[in-house]
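**Q** Before anything else, here's the structure in question.
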Amino acid sequence: MSINSLEKLIHLAEERNRKISSIVKEQKAKEQGMTERELTDKMLKYYEVMKQAANRGVFEQIHSISGITGGEGFKLWQAAEKGLSGSVVLKASARAMAVSNVNASMGKIVAAPTAGSCGIIPGALITVTEKLNKSDEEAVDALFTAAAVGEIIARNATLAGAEGGCQAECGSASAMAAAAVVELAGGSPRQAGHAVAFALKAVMGMVCDPVAGLVEVPCIKRNGMGAAQALLAADMALAGIESVIPPDEVIKAMGEVGCMLPQQLRETALGGLAATPTGKEIQKRVFGG
Amino acid sequence: MNIFDIIGPVMIGPSSSHTAGAVRLGNLARHILGEEPKKARIILYNSFASTGKGHGTDRALVAGILGFLPDDERIRTSFEEAKKAGLEYELVDGGSKEKLHPNTAEFFLEGPENTTRVVGASVGGGRVMVSSIDGFKTEFSGEYHTVITIHKDIPGIISSVTSCLSKKNINIAQMRVFRESRGEKALMIIEADEILPEGIKEELERINGIFRAMNISPVY
């Protein structure tokens with residue numbers, strides 16, 4: 001059986017009284033010809049890369065190779081204790097931007113699910129793991145849950161900004177992170193599903209409009225927002241709030257909205273923020289003419 | 001779906017198509033040359049030419065030619081690494097060509113003994129496709145262990161190659177042959193499940209009628 005709907009996955013987990021990650025690991029071990037231990041060990045290495053990128057970006061001001069962005073993760077980290085949103089949300093957001101800063105500087109990251117949205121899952125997951133005193137292995141289990149959500153979105157909608165806009169990249173990353181965080185916090189598989197729906201609904205229709213075509217403006221800040229929204233989506237679900245529209249229908253709607261977006265708003269740098277006077281000016285400065 | 005395609009790959013940013021894919025293309029071109037490149041002329045087309053600089057596509061292509069993979073932290077400083085390795089490189093803006101894929105690079109590589117011309121594209125999500133080798137139309141992704149031969153289009157060559165592989169217990173996943181015209185030169189691509197043994201290139205080149213063989217490791 002392949003994982004092609006959230007309902008199927010949640011049902012399977014409920015029926016066997018197991019976590020989503022446990023079902024996913026068992027099935028992927030069969031599909032990929034690896035043992036569950038081997039899968040976990042590989043994912044632990046990926047998690048290590050995520051942590052290293054987040055650490056680099058919150059403790060140093062990292063600048064992009066184009067020079068148009070830098071230091072966002074570092075700055076918000078400095079404000080994390082005194083900020084209005086509370087330290088968990090701010091640390092998650094700071095780490096997400098930190099990883100994005102590392103990405104824009106040609107540093108090492110894990111595409112999750114894409115390079116453009118690579119900060120959201122590490123930002124949310126590392127911070128919640130720290131807050132709840134969980135182990136790396138538990139965090140990695142949650143990554144399998146995130147990956148399953150990503151696969152279901154890829155099968156029923158899309159994960160590519162060029163196809164579905166930013167909702168498909170940062171929106172999906174936020175939904176994946178939300179499900180991971182619900183599981184890590186001890187929520188039920190069904191609550192993880194509702195969290196996916198909340199995260200996607202929050203950004204439905206969000207366009208992909210990178211200034212000068214670079215993975216920087218507005219991508220880095222959208223990563224910061226995506227991590228914060230993932231935590232809110234998880235908290236809503238953990239509080240017992242349910243999505244009126246079933247999560248699988250939300251995913252399909254996101255894909256359909258993506259198809260309706262004009263070409264200018266799908267990673268072509270021809271619309272949205274990329275087409276503002278300042279956006280065009282930056283384009284000229286970086287690439288000339 | 002491989003779970004590490006959803007969470008993963010580990011890569012140097014900022015872009016899977018313009019950075020990771022570019023490294024893979026350079027790496028494949030190096031393996032097609034089959035020896036340490038000394039000179040490289042790389043022509044960037046379309047989106048690679050227009051937005052490549054901001055994505056580090058130039059450094060990524062050179063890094064690939066040096067043999068790096070997409071997660072190598074030396075990609076950022078590949079121009080300096082090229083100097084150390086004695087690789088002379090030239091990056092050329094090829095402008096826009098409608099017939100080519102949006103993210104296309106053309107490589108002219110020169111080693112101590114061989115030269116080669118490779119054209120390839122980064123086709124999305126970091127995946128790549130090599131579309132031409134030394135003027136032959138091809139199609140391979142570098143996802144498998146790959147053997148390529150350039151040989152005379154005469155009976156028996158293909159079976160000599162496959163029997164050489166089967167003796168080594170190598171299972172062929174996919175295989176394709178492209179030829180210039182009947183009786184002239186042909187190019188064969190074999191994608192295998194197993195790691196190809198060292199020395200396979202030399203062994204195949206000893207077969208009568210084979211001009212050149214290449215042994216290409218996966219770049220994923």
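Every number here is computed from the coordinates shown, using simple stated rules; none is lab data. Bear in mind that the values here come from a model prediction, so they are computed numbers and not experimental data. No Cβ is skipped: glycine too gets one built from the backbone with ideal geometry, and neighbour counts run over all protein chains shown.
**Q** Could you work out the pair-distance distribution P(r) of the range A:2-43 from its alpha-carbon pairs, with 5 angstrom bin width and percents rounded to whole numbers?
**A** Taking all Cα pairs of the range A:2-43, the binned fractions are 5, 24, 30, 20, 17, 4 percent.
**Q** Also: Write down the Kirkwood hydrodynamic radius of the range A:40-184, to one decimal in angstroms, obtained as one divided by the mean of 1/r over all alpha carbon pairs. If you can, show how the numbers build up before the last one.
**A** On the way: mean 1/r = 0.0666 Å⁻¹.
For the range A:40-184, inverting the mean 1/r across all distinct Cα pairs yields 15.0 Å.
**Q** If you count, for each residue, the other Cβ atoms within 10 Å and average over each peptide, how do A:86-99, A:18-31, A:110-123, B:153-166 line up from highest to lowest?
**A** Values: A:86-99: 27.4, A:18-31: 19.7, A:110-123: 30.9, B:153-166: 14.6.
By packing density, highest mean first, the sequence is A:110-123, A:86-99, A:18-31, B:153-166.
**Q** Working from the alpha-carbon coordinates of the protein assembly as shown, get Rg over Rh, Rh being the Kirkwood radius. Kindly include the intermediate steps, with their values, before the conclusion.
**A** Values: Rg = 23.8 Å, Rh = 23.7 Å.
Using only Cα positions, Rg/Rh for the protein assembly as shown is 1.00.
**Q** While we're here: Separation of the range B:1-60 and the range A:1-46 by C-alpha centroid, Å?
**A** With the range B:1-60 and the range A:1-46 each reduced to a Cα centre, they are spaced 32 Å.
**Q** Next question. Other chains' Cβ within 10 Å of A:157-165 residues: what's the mean?
**A** Numbers: counts 0, 0, 3, 4, 0, 3, 1, 0, 0.
Other-chain Cβ atoms within 10 Å of each residue's Cβ, averaged: 1.
**Q** Please say if the range B:10-121 is rounded, prolate or oblate, where rounded means a/c under 1.5 for a ≥ b ≥ c the square roots of the C-alpha gyration tensor eigenvalues, and otherwise the choice is prolate for a/b larger than b/c and oblate otherwise?
**A** Details: a/c = 1.71, a/b = 1.16, b/c = 1.47.
Here the range B:10-121 falls in the oblate category.
**Q** Using r as the Cβ-Cβ distance of A:Gln61 and B:Glu194, and R0 as 45 Å, what FRET efficiency do you calculate, to the nearest 0.05?
**A** Numbers: r = 47 Å, r/R0 = 1.05.
Calculated value: 0.45.
**Q** With both bridge residues required to lie in the protein assembly as shown, what share of the DSSP beta bridges run antiparallel, to the nearest 5%? Could the numbers behind the result be given before it?
**A** Values: 49 of 56 bridges.
Close to 90 percent.
**Q** Can you compute the FRET efficiency between B:Arg41 and B:Val177 using 1/(1 + (r/R0)^6), with r the Cβ-Cβ distance and R0 = 22 Å? Round to the nearest 0.05.
**A** Working: r = 29 Å, r/R0 = 1.32.
Plugging the Cβ-Cβ distance into 1/(1 + (r/R0)^6) gives 0.15.
**Q** Add -39500 (n - 2.57) for each DSSP H run of 4 or more in chain B, then divide by its residues: what number comes out at 222 nm, to the nearest 500 deg cm²/dmol?
**A** Values: 7 runs with 57 residues, N = 220.
Value at 222 nm, helices only: -7000 deg cm²/dmol.
**Q** Using mean Cβ contacts within 10 Å as the protection proxy, how do A:201-214, B:29-42 order, highest first? If you can, show how the numbers build up before the last one.
**A** Numbers: A:201-214: 22.4, B:29-42: 20.5.
For the peptides A:201-214, B:29-42, the packing ranking is A:201-214, B:29-42.
**Q** What fraction of the DSSP beta bridges in chain B is antiparallel, stated in percent and rounded to the nearest 5? Each step should come with its number before you reach the end.
**A** Working: 45 of 51 bridges.
Percent antiparallel among DSSP bridges in chain B is about 90.
**Q** In deg cm²/dmol, rounded to 500, what helix-only [θ] at 222 nm does chain A give when every DSSP H run of at least 4 residues adds -39500 (n - 2.57) and the total is split over its residues?
**A** -20500 deg cm²/dmol, from helical runs alone.
**Q** Can you bin every Cα-Cα distance in chain B into 5 Å intervals starting at zero and give me the percent of pairs per bin, rounded to whole numbers?
**A** Per 5 Å bin, starting at zero, the Cα-Cα P(r) for chain B comes out as 1, 7, 15, 19, 19, 16, 11, 7, 3, 1, 0 percent.
**Q** When a/c reaches 1.5 or more, the comparison of a/b and b/c decides; with that in mind, is the range B:145-216 rounded, prolate or oblate per its Cα gyration tensor?
**A** Prolate.
**Q** Let me know the mean shielding of A:110-121 by other chains, meaning the per-residue number of their Cβ atoms within 10 Å of its Cβ. Walk me through the numbers before you get to the answer.
**A** Working: counts 7, 15, 3, 5, 6, 14, 4, 0, 4, 0, 0, 1.
Average neighbour count from other chains, rounded to a whole number: 5.
**Q** How large is log10 I(q)/I(0) at q = 0.12, 0.23 Å⁻¹ when the Debye formula is applied to the Cα atoms of the range B:90-220, each weighted equally and without solvent?
**A** -0.50, -1.51
**Q** In peptide B:52-59, how many Cβ atoms from other protein chains are near each Cβ within 10 Å, on average? Don't jump to the answer; show the numbers that get you there.
**A** On the way: counts 2, 6, 15, 8, 6, 0, 0, 2.
Average per residue, whole number: 5.
**Q** Determine the shape class of chain A: with a ≥ b ≥ c the square roots of the Cα gyration tensor eigenvalues, call it rounded for a/c under 1.5, and otherwise prolate if a/b is greater than b/c, oblate otherwise. Walk me through the intermediate numbers first.
**A** Details: a/c = 1.73, a/b = 1.36, b/c = 1.27.
Prolate, since a/c reaches 1.5 and a/b exceeds b/c.
**Q** Using the structure shown, list the pairs from A:Lys8/A:Lys108; A:Lys280/B:Lys137; A:Lys8/A:Lys42 with a Cα-Cα distance above 28 Å, or answer none. Provide the component values of the computation, followed by the final result.
**A** Working: A:Lys8/A:Lys108 35 Å; A:Lys280/B:Lys137 39 Å; A:Lys8/A:Lys42 26 Å.
In this structure, A:Lys8/A:Lys108; A:Lys280/B:Lys137 lie more than 28 Å apart at Cα.
**Q** First measure r as the distance between the Cβ atoms of A:Lys252 and A:Lys280, then evaluate 1/(1 + (r/R0)^6) with R0 = 41 Å and state the FRET efficiency to the nearest 0.05. Display every interim value, and only then the final one.
**A** Details: r = 35 Å, r/R0 = 0.86.
Efficiency, rounded to the nearest 0.05: 0.70.
**Q** Using alpha carbons only, how many degrees (0 to 90, rounded to 10) separate the axis of helix B:157-167 from the longest principal axis of chain B?
**A** 80
**Q** How many angstrom lie between the Cα centre of the range A:226-247 and the Cα centre of the range A:78-141?
**A** If you average the Cα positions of each part, the centres end up 18 Å apart.
**Q** Modelling each spin label as a point 7 Å along the Cα-to-Cβ direction, I'd like the A:Leu132/A:Gln263 distance in nm, to one decimal.
**A** Simple spin-label model gives 4.5 nm for this pair.
**Q** Among all the lysines, which ones have a C-alpha under 28 Å from A:Lys82's C-alpha, if same-chain residues fewer than 8 places away are not counted?
**A** Excluding near neighbours in sequence, the set is A:Lys51, A:Lys91, A:Lys131, A:Lys134, A:Lys221.
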